[in-house]
Amino acid sequence: MTKYNMDFNYFAMEILKRIDILEEAVKEGLQFKRKGKSYFAKCPFHEDSTPSFSINPQKQVFNCFGCGKKGNAITMLALLKDISKGKIIYRYASYLGLIQNGKINQEQQREMEERAKQREFIQMHQQKFNAVYILLSDMMHSFKRSMSKANNMDEVIMAHELYRVYDVIPYYEHLLDCMLGQYGEVIQVETYLVAERIVKQWHSNLI
Ligand SMILES: [Zn+2]
């Protein structure tokens, strides 16, 4: 079930990368006039006297100001051809050669597996980052709590909290930086940005 959903999304994304919504609408017989960044046609989904069906090619979306129908190229094609989105995806995946003779071709299979691995990798490392981040945050909160009670705090506790803040925290910050540095080389920008966000969150907590 999960695999089916994942494949479905994968193909939908690949199709949307490869087709152009305006071209597809023109192929379906719609006639457009350009207005600024958008193209307008008479809506095929409701009785339309003035063109209220618009396409934004940059965003690859359509929207009708009359009947309110909107979405991406797959949604539009499903509505125009009056068949399910699943059928549109299957049909275009075949047409674009992502599926051959009803089977996923090898290149696509490899690509899908590769992406699944990347997702796993991201999740795995995100957990590590989150663990270190939580540890650092806890330490800082406990230090702040101790500081707010500073008048009644005995010197031993004070020394201990200070030790943690000045010695242990920089160590973990260093650890985070190392992890981040290492990621920069081996992984995708997306993961790097996740890691960077966590480190930034941590730094902003210090101030
Ligand atoms: Zn409409």
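Here, each number is a calculation from the coordinates, and none is a lab measurement. Model, not experiment: these values are computed from the prediction. Counting neighbours? That spans all protein chains shown, and the Cβs are built from the backbone with ideal geometry, glycine included.
If I filter region 31-56 down to residues being buried (at least 16 other Cβ atoms within 10 Å of the Cβ) and away from the ligand (no atom under 14 Å from the Cβ), which single residue comes out as farthest from residue 8 (Cα to Cα)? My answer is 32.
Remark: residue 8 falls outside the filter, which requires a residue to be surrounded by fewer than 17 Cβ atoms within 10 Å (Cβ to Cβ), within 12 Å of the ligand (Cβ to nearest atom) and either under 19 Å from the mean Cα position of the chain (by Cα) or without any contact (Cβ under 8 Å) to a residue 40 or more places away in the chain (or both). When the residues of region 61-83 are filtered to those that are surrounded by 15 or more Cβ atoms within 10 Å (Cβ to Cβ) and assigned to a strand (DSSP E or B), the one that is farthest from the ligand (Cβ to nearest atom) is 61.
Restricting to region 5-26, and then to whatever is in a helix (DSSP H, G or I) and of a type in the set (Asp, Glu), can you tell me which residue is farthest from residue 100 (Cα to Cα)? So, considering only residues that are in a helix (DSSP H, G or I) and of a type in the set (Asp, Glu), the one farthest from residue 100 (Cα to Cα) is 23.
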